[in-house]
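Below is one structure, written out as structure tokens, with a few remarks after it.
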Amino acid sequence: MTHSGSNDTPPRHNTAVEILFLMMKAIIPLAILGGGIAVVYIMVETAPQPQKAPHHRRARLVTVVEAERTAHPLRVEASGKVLAAREVTLNPQVAGEVIEVSPALEPGGHFESGQLIVRVESTDYELAEKMRQAELTQMEARRVMEQASQDVAKREYDILGESLNDDEKALVLREPQLTAASADVSAARAMLEDARLDLQRTTVSAPFDAQVVEKFVDLGTRLTIQTPIVRLVGTDTYWIDLKVEQSNLRWIKFPEGDKPGSVVMIRHPKIWGPDAYREGHVIRLLPDLDSEGSMARVLVAVDDPLGLKPENASAPKLLVGQYIQAEIEGTILDDMVVVDRSLLRNGDFVWIMNAENMLVVRAVDIAYRGLEDALVRGGLEDGERIVITDIATVAEGMELRLDGDEEDSPKSAEAVTEGAKS
């Protein structure tokens, strides 16, 4: 039997429904996603915006010192070496064995002028003195006898009344013999003085107040006139050979007649401490430069350098060969500002805190630049505030403040929040 239709072919209206259903499944999620995005966008755009707090630039905290224009004695800084003003190596003037030695004859020992150092055995010199004394006595006796002979000859010449020339008369009156006898007396007296001098020289004494640097003999040493006994340095005065910049010599006062040279403050902080010092005075300018050829040499004298006098007993002691620092008091400069060297920025500039509490970088005119201080002639007025605080990044006009000053502070977090809510 033949059928007019087939059951295997689906109806057309069912296919359209399926397609519509699939489209709805794709569109609905996209619509939901788009709606969500729209809601979020509306919420963000309509939300209240927080207000930004105004930027506050904090003023830099600094410390200052006020400039003060005064008359100031200029002090020339220098350094140098301590020298012995008097130094001598003693040799004996007579030969002999050392029979006595002073207890002070040790390195570092002290002698006063004229004090015994060593004594040489003197027996031979005492005998020589006696012999010379005897010779003098003989020569004096001969002269007396010759004087008597001349007196006799003169009386005889007067009695005879002979007329003679000058030479003949001198011979008759024994004048040559008397002259020779007188010369013999003078020679004997000189030899006696020489013998006495040799006897005195058996005692070797200090020629001035001195300290022993080195000794070369001891008890029993056999001396010749070439044998050194001791090396001494005088203790009354030491010298200091100071090296000074040539440009600074104009500030130093050198002695003129009765006017003394500049006073010098001598320091050795590492050894004596920061406050201890000795005082000296300039005595002369040496004629040559130092070995490097750039520094002038100024000679300074220091009295009682070892503090042996009661008034200097507590003063620090100078040592020969010691290197020290010194300040030479020079000319008094009027209307100067004393500034610590560390406050000079980039050579000749200082930082000023002006009346508006702003930083000003200012060039100054420096009259003298020392190791620690500088004297400023121009560029600073009395009472101006010099910044002594180091600032890493410096800008002209930057805001400054002092410790204890009130400064504007940024708004608090609460104030910012309230402003946002309003």
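Scanning region 318-361 for residues that are outside any strand (DSSP E or B), charged (D, E, K, R) and under 25 Å from E372 (Cβ atoms) yields R341, D348.
Rundown of residues vs (1) closer than 30 Å to P316 by Cα; (2) not polar (S, T, N, Q), yes/no style:
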residue	(1), (2)
A195	no, yes
T203	no, no
K243	yes, yes
F254	yes, yes
P260	yes, yes
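Report whether or not L299 is open to solvent by less than 60 Å² (accessible area, probe 1.4 Å) and either of a type in the set (S, T, Y) or under 18 Å from the mean Cα position of the chain (by Cα) (or both). Yes. Checking each residue in region 78-97 for being open to solvent by 40 Å² or more (accessible area, probe 1.4 Å) and in a strand (DSSP E or B) picks out S79, K81, L83, E87, V88, T89, E97. The set of residues in region 306-316 being open to solvent by less than 100 Å² (accessible area, probe 1.4 Å) and either within 16 Å of G273 (Cβ to Cβ) or β-branched (V, I, T) (or both) consists of G307, A315, P316.
In region 389-419, the residue that is surrounded by the most Cβ atoms within 10 Å (Cβ to Cβ) out of those that are at pLDDT below 50 and small (G, A, S) is G419. Among the criteria (1) open to solvent by 40 Å² or more (accessible area, probe 1.4 Å); (2) over 20 Å from L371 (Cα atoms); (3) in contact with a Pro (Cβ under 6 Å, 6 or more places away or on another chain), the one G257 does not fulfil is (3).
Can you name the residue in region 232-250 that is out of contact with any Pro (no Cβ under 9 Å at 6 or more places or on another chain) and open to solvent by 30 Å² or more (accessible area, probe 1.4 Å) and, of all such residues, is farthest from L116 (Cα to Cα)? My answer is S247. The residues of region 285-301 that are on the phi < 0 side of the Ramachandran plot and out of contact with any Lys or Arg (no Cβ under 6 Å at 6 or more places or on another chain), listed by number, are L285, P287, D288, L289, S291, E292, S294, A296, R297, V298, V300, A301.
Listed here are the residues, each with its yes/no results for (1) among the β-branched types (V, I, T); (2) modelled with pLDDT of 90 or more.
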site	(1), (2)
L333	no, no
M353	no, yes
E356	no, yes
V364	yes, yes
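Exactly one residue among E129, E100 is under 30 Å from K215 (Cβ atoms) and surrounded by fewer than 17 Cβ atoms within 10 Å (Cβ to Cβ), and that residue is E100. For region 116-149, filtering for residues that are among the polar types (S, T, N, Q) and closer than 15 Å to R231 by Cα leaves 0. Residues in region 103-126 that are open to solvent by 30 Å² or more (accessible area, probe 1.4 Å), within 11 Å of T202 (Cα to Cα) and outside any loop (DSSP other than H, G, I, E, B): L116, R119, T123, D124, Y125, E126. Kindly indicate the residue of region 132-152 that is of a type in the set (D, E) and either in contact (Cβ under 8 Å) with a residue 40 or more places away in the chain or within 30 Å of V233 (Cβ to Cβ) (or both) and also surrounded by the fewest Cβ atoms within 10 Å (Cβ to Cβ) among those meeting that condition. Checking each candidate, the answer is E140.
What is the residue count in region 376-388 for residues that are open to solvent by less than 10 Å² (accessible area, probe 1.4 Å) and either part of a loop (DSSP other than H, G, I, E, B) or closer than 10 Å to M336 by Cβ (or both)? Summing the residues that are open to solvent by less than 10 Å² (accessible area, probe 1.4 Å) and either part of a loop (DSSP other than H, G, I, E, B) or closer than 10 Å to M336 by Cβ (or both) in region 376-388 gives 2. Does at least one position in region 190-198 carry a residue that is in contact with a helix residue (DSSP H, G or I) (Cβ under 7 Å, 6 or more places away or on another chain), open to solvent by 70 Å² or more (accessible area, probe 1.4 Å) and either on the phi > 0 side of the Ramachandran plot or not basic (K, R) (or both)? Yes, region 190-198 has at least one match. Flag not set for A210, criterion: in contact with an Asp or Glu (Cβ under 9 Å, 6 or more places away or on another chain), crowded, with 16+ Cβ neighbours inside 10 Å, under 30 Å from R155 (Cβ atoms) and among the small types (G, A, S).
Applying the selection to region 212-250, what residues are of a type in the set (A, V, I, L, M, F, W, C) and in a strand (DSSP E or B)? Correct list: V212, V213, L223, V230, L232, V233, W239, I240, L242, V244. From L61, L83, grab the single residue that is of a type outside the set (D, E, K, R), out of contact with any His (no Cβ under 9 Å at 6 or more places or on another chain) and either within 30 Å of V320 (Cα to Cα) or at pLDDT 95 or above (or both). Checking each option against the conditions leaves just L83. Determine, yes or no, whether V264 is open to solvent by less than 40 Å² (accessible area, probe 1.4 Å), at pLDDT 95 or above and over 20 Å from G330 (Cβ atoms). No.
The values are calculated or read from the model by the stated rules, or taken from the named source; none is laboratory data. Here the structure is a predicted model, which means the values were calculated and not measured. Every residue, glycine as well, gets a Cβ built from its backbone with ideal geometry; the counts of neighbours run over all protein chains shown. Each accessible area value is taken on the protein alone, full model and side chains, heavy atoms only, with ligands, DNA and RNA left out. Shrake-Rupley method; radii C 1.70, N 1.55, O 1.52, S 1.80 Å.
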